[in-house]
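The values are calculated or read from the model by the stated rules, or taken from the named source; none is laboratory data. Note that this is a predicted model, so its numbers are computed, not measured. Cβ sites come from the backbone with ideal geometry, for glycine too, and all protein chains shown count toward neighbours. In case anyone asks, the SASA skips ligands and DNA or RNA and just uses the protein heavy atoms, side chains included. Shrake-Rupley method; radii C 1.70, N 1.55, O 1.52, S 1.80 Å.
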Amino acid sequence: MNTLIPDWTVCQPDRLAALDALAVLDTAAEPGFDDVVRLATRLCDVPVALVSLVSADRQWFKARIGFPASETDLDRSVCKFALSASDLLTIPDLTADPRTADNPLVTGEPHIRFYVGAPLRLESGLVVGSLCVIDTVPRPEGLTPEQADDLRALARQVVAQLELRGALRTRDAAIAAEIRLVGDVRRSEARYRSLFEKLDTGFCVIEMRFHDAPGGPVAADYRFLEVNPAFVEQTGLVDAAGRWIRDLAPDHEQHWFDLYGHVALTGEAVRFENAAASLDRWYDVQAFRVGEPEERRVAILFNDISARRAAEVALQASDSRSRLAQEAGQVGTFELDVASGDIVVSAEYCRLHGLPVAPVYPLAVVTDAILTEDRAKLSTAASRADGSAAEPIQYRIRRVDDGSLRWITRQWQPTRDEAGTIVRWFGTVRDVTERHITQETLRISEERLSLAFEASGSLGWWDWDIRNDRLYAGEHFARMYGVDPDLAAGGAPLDAFVEGIHPDDRDWVGDRIRQAVATAGEFAEEYRLLASDGTVTWIFARGRCYHDAEGQPLRYPGVATDITEAKYADLRQGALLRLGDRLRDLDTVAALVQAAAEIMAEILGASRAGYGLVEPLEEILDIPTDWCAPGVGSIAGRHGFRDYGSHIDDLKRGEIVLIDDVERDPRSRATADKFLAIGIRTLINVPVMERARLVGLGFVHYAQGRNFRPDELAFVRTVTDRVQVAVARVQAEQQRVLLNGELSHRLKNTLAMVQGIAGQTLRGVPDQAPIRAFTERLIALSRAHDVLMQDSWAAAPFLSVVEKVLALQTSLDRFRIKGPSLALAPQATLSLSLLLHELTTNAIKYGALSVEGGMVHVAWRVEEGAESTVVLEWRERGGPPAVAPARRGFGARLILTGLVGTRDTRLDYSDTGLDAEFRAPISQVVAL
Amino acid sequence: MASTERRPVVLLIENEPIQMMVLSDLIEEAGCDVVEATTAAKAIHILEQRTDIRVVVADLDVRGSVMGLQLAAMIRDRWPPIEMILTGAVKPDLSSIPARGVFHDKPFDQGKLVQSIRTFVSAEH
């Protein structure tokens, strides 16, 4: 017999439930049923008749005649085959039928041979067993038609009796229901208790204590009623249950008490992120009131997010510079005349609001753009008149031209006339949308989470009965996995849930489940679910398999949380950090946008991404190279925009183009075939503008249709804004390098001309020494420019300047050079060059460098002080004794002038050689 | 050292008159005769006509149909024995200067420039 495989008919849940509802199994014999089997044996002329009820694992006889056992396992059951029979099941010779030939009751005692079973079909149509007659000899002719009719009639009697029993039982329904309810509560409590223990989110229930104050009760302290194991891990507070937080953490900030007090008093659930300095951690906290209001109990779910906070801070630091740069160009100014209500505005102000540039607008036109729900923040005629409107405010507008939502901050100040009456308000507006995107994303996810929480307790739970392959699950869990919640409540096969797992994750998750089942182990994995509409959800599921005493898998309960937001937020944050790094390192527009497109493709799971240059006149997109997912073809090459619809018009206005489905979007509908032919159903195009002209395009393609969540769009916009800033930086940098190169070229040519003119003019002068000195100084100056050029005129390394100038006149071997690395300001570079040149000239003529073996020590240092000072030392050794010059020539005066003209110069002409020291304030020497 | 009756000939390529004067003087100071060309085209024409030019002094900033370093590379290619001294405002990538070429950036140290010319002409005689 092949009954090792569970029979679907036998195990059909509705049928088993109906059998359960009859509550007849294992009850005492009843005359009504005994009479029926006695009649059956007589009418059919057989030795054996049974009222057989088939449950999931056995058949049990409510009444029997001629059969010793009161029940058998399903291997011995013939009645189970009657369950699916529409009428009588007749087997004339059990040894001849493949279903029963191997049945132990056939092959051994009591050697049954003939079987007829009448299905016991309830009013609901479900079959719970059979009324059967059995003989020990085969009966090829079966029952007579009369006997068959009688058997059917008797089966109907059995059903009537069974249902009658049920009806009688409803008398006790109230009591039974109550008993069951108590059982349910106990079961569900046990279930939640096990969740509570296994949850890796910190969880506690607290009881608030208040003291009375004039303004109402003030939260004074709270006591932990219950804490879970994760609570200890996340807070470091051991044995907290039953104790007051003021005792455990005396420095705990008052804001925690206020928040929980608020929840306890109002019943309003809150979610927030906050620091607990006394514990040195950041927490993401959800708190809600539990129990009766007067109990003042609050349940708190929380996670330690210190690591994530640190990452956010790093991100802000990396990004604040570009954001400031972007915002700097977006300040509009205005002046509001109190009497007329007219507002005089700058061009930038108009641009920020998407208004046509005009000098004056009525106030109402400007306030129209502000979202209705933010208008309450605005000043009123009264607050403008008495000056109480002076506070800076933030509000949202819909830009008049493109309807885009922007955040604006406004600051202003009143101007009063002689009488002290306010006549005008002068102020600035600034676009701070970028700053709000992350906060906005956070708010959306909060709403989503709190909804989920209210609906289902935010956690999905399951409990898998392995032996019967029944996975019982809560509504939240069922919905996440795309299983009908009603079905899941009654238990559904594991496969129904596995279907909901993302195909890419299904195999390995299946392996992990099997592993946990085999080893009675723990399961804790993050994986993706794929809904039928293509939505991907990230899940963190944690469970454990339990074996029975014989080591057989028994149950496998667990919990799952939706971590999509956190997962994507993490991925996006990581991606933005990486993007920041790459944008800093790249120096061509094409490489920048390519990098951005790849990062978008990675985060948004695209099939293709890349960058193209736009030739605006011909409306041609030239794609040098693109990134393609495995199996996706490249579209590198030239493409005519108009062949692909009209979205170029939006791009030319600098707008991001998002087409969910090329067959549905009006811009692409007519040319959808073109898109589909190159594997594009959904696309994002991000324009790159240069002086309001479309010059490039980042693109992300999807072969399948895809919906974007608001946070994903916010991500696309953030990436785009950063690329724009980076592109502007690269363009400015290229411009600067070009200008510097040209400037340096001209400067040095001019110096060469000056040198030439001087040489020609003074050709006839007999003493050529001064002309040579002049030429040399000119060259020293020119070298200083060279060094400056290397760092684009911003700063020059101290050491490079020293070496370059000293090497002009003699070998560097003659010098000992030492000093910290300092970046010289341009002015200081020129000054230092000329100074060193004069010192070297003198050393060669009269000092240490005039003899073999003489050396010069050149050293510089920074002396800390109220104002730090740069000190340059020049010490000649191994030459003749130094003598102060008799005549004060240009060279000597240059030396006395010192570093950057401070005249803080000390010259010591000693027998060992010249010792010179030059000092200047660091602020004048070092580049900022 | 060069013989007294016949001085080595140096071709000077420079389009800036004042620089031309200065460089001519320096070349003569080094003991050579100067042939002047104000454009690259004229310089090539001269090189094609004359066989006695030993050294070329060329300003890389000279504009013409063939620019700076390209001209230098072409001379090295077509007239391999000719030595080259190059000047310019911005120092070019050293690897792009033809073999044996010497570069002096503007404004130049006149003594060193004269020394370079002398080194080349004396090495050949």
Looking at segment A:678-765, which trypsin sites (Lys or Arg not before Pro) are in a loop (DSSP not H, G, I, E or B) and have at most 12 other Cβ atoms within 10 Å? A:691, A:763
Counting Lys and Arg as +1 and Asp and Glu as -1 over every other residue whose Cβ sits under 11 Å from the Cβ of residue B:11, the net charge comes to -2
Excluding ligands, DNA and RNA, what is the solvent-accessible area per residue of segment A:68-176 at a probe of 1.4 Å, expressed in Å²? 48 Å²
Taking the solvent-accessible surface of protein heavy atoms with a 1.4 Å probe, what is the per residue accessible area of segment B:9-122 in Å²? 42 Å²
Amide H neighbours of residue A:608 under 5 Å, counting only residues 5+ apart in sequence or on other chains, H built in-plane at 1.01 Å? A:629, A:701
Out of residues 5 or more away from residue A:226 or on other chains, whose amide H comes under 5 Å of its own, with H placed 1.01 Å from N in the peptide plane? A:205
Principal axes of segment B:9-122: Cα extent on each, largest first, Å: 30, 30, 27
What do you reckon, how do A:877, A:572, A:887 stack up by accessible area (1.4 Å probe), largest on top? A:887, A:877, A:572
Sequence of A:548, A:247, A:904 from largest to smallest accessible area, 1.4 Å probe: A:247, A:904, A:548
Within the set of other residues whose C-beta is less than 12 Å from the C-beta of residue A:427, count the net charge using Lys and Arg as +1 and Asp and Glu as -1. +2
Based on the alpha-carbon set only, what is the convex hull volume of chain A divided per residue, in Å³? 340 Å³
Counting only protein heavy atoms and using a 1.4 Å probe, what share of the accessible area of the protein assembly as shown belongs to carbon plus sulfur, as a whole percent? 54 percent
How about segment A:765-781: which of its residues lose at least 40 Å² of accessible area in the presence of all protein chains relative to their chain isolated, using a 1.4 Å probe? A:779
When you look at the Cβ of every residue in A:742-752, what mean number of other chain Cβ atoms sits within 10 Å? 4
Average Cα contact separation per residue, chain A, under 8 Å, 6 or more apart, as relative contact order %: 4 percent
Counting only residues 5 or more places away or on other chains, whose amide H sits under 5 Å from the amide H of residue A:501 once H atoms are built in the peptide plane? A:530
By the scheme Lys and Arg +1, Asp and Glu -1, what is the net charge of all other residues having a beta-carbon under 13 Å from that of residue A:389? +2
Using alpha-carbon coordinates, inclination of helix A:769-790 to the longest axis of chain A, degrees: 10 degrees
Tell me the angle of helix A:13-22 to the major Cα principal axis of chain A, expressed in degrees between 0 and 90 and rounded to the nearest ten. 50 degrees
Once A and B are treated as a pair rather than alone, how much accessible area drops out, both sides summed, in Å² to 100, probe 1.4 Å? 1500 Å²
